[in-house]
Amino acid sequence: MRKKQYAVIGIGRFGESLIRELVRMGHEVLAIDTDESRVQDIADIATQAVQADSMDDKVLRALDITSFDAVIVAIGEDIEASILTSLTLKDMGVRKTIAKAQNHMHGKVLAKIGVDIVVHPERDMAIRLARTLVSNSIIEHIDLSADYGIWELVTPRTLVGKNLQNSGLRPKLGINILAIKTGDSIEVSPPPEHLINKDDILVVIGPTRSLEKLNEMD
Ligand code: ATP
């Protein structure tokens, strides 16, 4: 894996965790914050830590911010600073911008500005937790968009003994099975005649509403 260069602006709980993980994975991270004590705290972990105001485009230029693979705006509370920083980064032509939204409206503004990825950590984590709590079958899930996802779940009883063709998943629910795990083995792109067994784990892709229906099946 190529070593990448990231800049994280705002060293709150989110920014700090992100920096730690990126460094742990072997990447270079520039950390920026207006608060000198936060910069000091991260200095030993980040590749470089700088005390600066990210709303100042001269500062960002001096740090050669456009040379980074991605810049993450992890400023939370100060929504104005988050928006102005994101706007400046987009204007400067930063390759990839990611910003943390504090609430729905903040997220909408960030998306309008053209931020490539807008994350809502508290909301998304709560949704993830709710799905895991309510379901006894979801193991993992990835949201591909607001309407589509890839879920990994335990086979519902009604599908046991059926094959992919007569399971009805594709014609009735628009769901495709990407892989079936049986014990330690995995069959990727299983053929239509593949039989679904009790305790199999299904990795499926489809509309979120259909995935929810599949998850509710007994
Ligand atoms: P978390 O939940 O991650 O702690 P938070 O919502 O509490 O996030 P804040 O503490 O508001 O986030 O912001 C994160 C950091 O961003 C703070 O350390 C703050 O000093 C820094 N920050 C705010 N404005 C700027 C700015 N203009 N330039 C650089 N850093 C900034």
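From the cross-link list LYS4/LYS112; LYS4/LYS213; LYS4/LYS58; LYS4/LYS108, which pairs have alpha carbons spaced over 30 Å apart? Let's see the in-between values first.
Working: LYS4/LYS112 27 Å; LYS4/LYS213 40 Å; LYS4/LYS58 24 Å; LYS4/LYS108 28 Å.
Checking Cα-Cα distances, LYS4/LYS213 exceed 30 Å.
Could you give the angle, 0 to 90 degrees to the nearest 10, between helix 79-92's Cα long axis and the longest principal axis of the Cα atoms of the chain?
Here the helix axis deviates by roughly 90 degrees.
If I stretch the segment between SER67 and ARG2 completely, what's the gain in nm (0.36 nm per residue apart, minus their alpha carbon distance), one decimal?
Working: separation 65, 0.36 × 65 = 23.40 nm, distance 1.52 nm.
So the extension gain works out to 21.9 nm.
Along the charge dipole of the chain, which of ILE201, VAL29, VAL73 sits closest to the positive end, that is, farthest toward it, with unit charges on the beta carbon of Lys, Arg, Asp and Glu (+1, +1, -1, -1)?
After comparing all options, I get ILE201.
Taking only Cα atoms, what is the 0 to 90° angle, nearest 10, from helix 121-134's long axis to the longest principal axis of the chain?
20
Given the -39500 (n - 2.57) contribution per DSSP H run of 4+ residues, what per-residue ellipticity at 222 nm results for the chain, rounded to the nearest 500 deg cm²/dmol?
On the way: 7 runs with 72 residues, N = 218.
After summing the helix terms and dividing by the residues of the chain, the value is -10000 deg cm²/dmol.
Of all GluC sites (Glu not before Pro) in region 126-218, which ones are in loop regions per DSSP and have a Cβ with at most 10 other Cβ atoms within 10 Å? Spell out each step's value before the answer.
On the way: sites: GLU140, GLU152, GLU187, GLU193, GLU212, GLU216; in loops: GLU193.
The qualifying sites are GLU193.
Taking the beta-carbon count within 10 Å as an exposure proxy, list ILE98, ILE201 from fewest neighbours to most. List each step's numbers first, then the result.
Values: ILE98 20, ILE201 17.
Ordered by Cβ neighbours within 10 Å, fewest first: ILE201, ILE98.
In which sequence would ASP56, ASP200 go, from the one with the fewest C-beta neighbours within 10 Å to the one with the most? Numbers along the way, then the final one.
Working: ASP56 14, ASP200 18.
Lowest count first: ASP56, ASP200.
Let me have the relative contact order for the chain, percent, based on Cα pairs under 8 Å that are six or more residues apart.
On the way: 393 pairs, mean separation 28.6, N = 218.
Averaging sequence separation for qualifying contacts and normalising by length gives 13 percent for the chain.
Which FRET efficiency value, to the nearest 0.05, is calculated for ASN197 and VAL134 with the Förster distance at 30 angstrom and r the Cβ-Cβ distance? Could the numbers behind the result be given before it?
On the way: r = 25 Å, r/R0 = 0.84.
The value I calculate is 0.75.
Counting only DSSP beta bridges with both residues in the chain, what percent are antiparallel, rounded to the nearest 5? If you can, show how the numbers build up before the last one.
Values: 22 of 41 bridges.
Close to 55 percent.
Find how much the distance from ASP147 to GLU36 grows on full extension, using 0.36 nm per residue of separation minus their present alpha carbon separation; answer in nm with one decimal. Could you put the intermediate results ahead of the total?
Working: separation 111, 0.36 × 111 = 39.96 nm, distance 4.20 nm.
In short, 35.8 nm is gained.
Please rank LYS198, LYS100, fewest neighbouring Cβ atoms within 10 Å first, as an exposure proxy. Could you put the intermediate results ahead of the total?
On the way: LYS198 11, LYS100 25.
In increasing order of surrounding Cβ atoms, one gets LYS198, LYS100.
Any read-out appearing in this document is the output of simple, stated calculations on the displayed coordinates, not a laboratory observation. Predicted model, so just to flag it, every value in this text is computed and none were measured. Virtual Cβ from ideal backbone geometry, glycine too; neighbours counted across all protein chains shown.
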